[in-house]
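Written below as structure tokens is the structure these notes are about.
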Amino acid sequence: MKRKGIMICGLNGAGKSTLGKEIACRWNAEWIDNEQLYFSNEGEYGTFCSSQTAWHRLYARLDDRAQANTPFIYCCVNNEDDDLLSYLDGIVYLSIGKEDSQARIRERSKRQFGTRLAEDKALQEREEAFFESVRRKDTGKIERWVENLERQGVPVLRLDAMASIEANANQIERWIAMIKKNRVETQDIVC
């Protein structure tokens, strides 16, 4: 299978989706956000589906991208499914501290829900439960997963989530160009 995409991973609030959209726009690639795979109406938070359904949706889209020879950018906190690696040119890990992560997701919630957040107690409770679940995430687990991928030879680019989108996007473009150049040179040697 021809590798055509990258996965951008990191804690909630790291800026994965924002950076992913920027890269997808630059490359004319499909942007796939993991959260959207869990909802029936893409872009709308409606009916939540099972993890198995979300996996099927992801792999159907990746297979379509491979058939169409279309690049993609897949954004998620982390995805430890080894089958996914065959679709990827590499993985971008956006590093962010828990305090910055919390500040960003709280700000995003305020932007998304506005005054409704203060008025709707059920929404407020749901958001607080989400904030707490992010706060409890084991950042060491994600870090160990990334280190394990590096040991396996998977190309990983570590970026500071607090850097500008422009700077990180430029760095990703240079990195991908280097990966593809190295792959071509290696193929030339083998042939």
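In the stretch 22-36, the residues that are in contact (Cβ under 8 Å) with a residue 24 or more places away in the chain and more than 13 Å from Phe72 (Cβ to Cβ) reach residues that are in a helix (DSSP H, G or I) and β-branched (Val, Ile, Thr) with C-beta atoms within less than 6 angstrom, at least six apart or across chains, in these pairs: Glu22/Ile165. Counting only residues that are more than 22 Å from Gly13 (Cα to Cα), surrounded by 13 or more Cβ atoms within 10 Å (Cβ to Cβ) and among the small types (Gly, Ala, Ser), the stretch 142-179 holds 0 of them.
For the stretch 48-98, what are the residues that are under 28 Å from Lys181 (Cα atoms), of a type in the set (Val, Ile, Thr) and crowded, with 18+ Cβ neighbours inside 10 Å? Of everything in the stretch 48-98, those that are under 28 Å from Lys181 (Cα atoms), of a type in the set (Val, Ile, Thr) and crowded, with 18+ Cβ neighbours inside 10 Å turn out to be Ile73, Ile91, Val92.
Of all the residues that make up the stretch 23-36, how many are at pLDDT 85 or above, assigned to a helix (DSSP H, G or I) and in contact with a strand residue (DSSP E or B) (Cβ under 9 Å, 6 or more places away or on another chain)?
Of the stretch 23-36, the ones at pLDDT 85 or above are 23-34.
Among the residues that remain, those that are also assigned to a helix (DSSP H, G or I) are: 23-27, 34.
Of the ones still in play, those that are also in contact with a strand residue (DSSP E or B) (Cβ under 9 Å, 6 or more places away or on another chain) are 23-25, 27, 34.
Qualifying residue count for the region: 5.
Identify, by number, the condition in (1) under 25 Å from Glu147 (Cβ atoms); (2) of a type outside the set (D, E, K, R); (3) in contact with a helix residue (DSSP H, G or I) (Cβ under 6 Å, 6 or more places away or on another chain) that Leu88 doesn't meet. The one condition Leu88 does not meet is (3).
Considering only residues in the stretch 102-141 that are of a type in the set (S, T, N, Q) and out of contact with any Lys or Arg (no Cβ under 8 Å at 6 or more places or on another chain), the one that is surrounded by the most Cβ atoms within 10 Å (Cβ to Cβ) turns out to be Ser109. List the residue pairs whose Cβ atoms are under 7 Å apart, where the first residue sits in the stretch 133-162 and is of a type in the set (Lys, Arg), the second is surrounded by 14 or more Cβ atoms within 10 Å (Cβ to Cβ) and assigned to a helix (DSSP H, G or I), and the two are 6 or more positions apart or on different chains. Cβ pairs passing all conditions: Arg135/Lys98; Arg135/Gln102.
The values are calculated or read from the model by the stated rules, or taken from the named source; none is laboratory data. Remember, predicted model here, so these are calculated numbers, not experimental data. In this analysis, Cβ positions are derived from the backbone assuming ideal geometry, glycine residues included, and neighbour counts consider all displayed protein chains.
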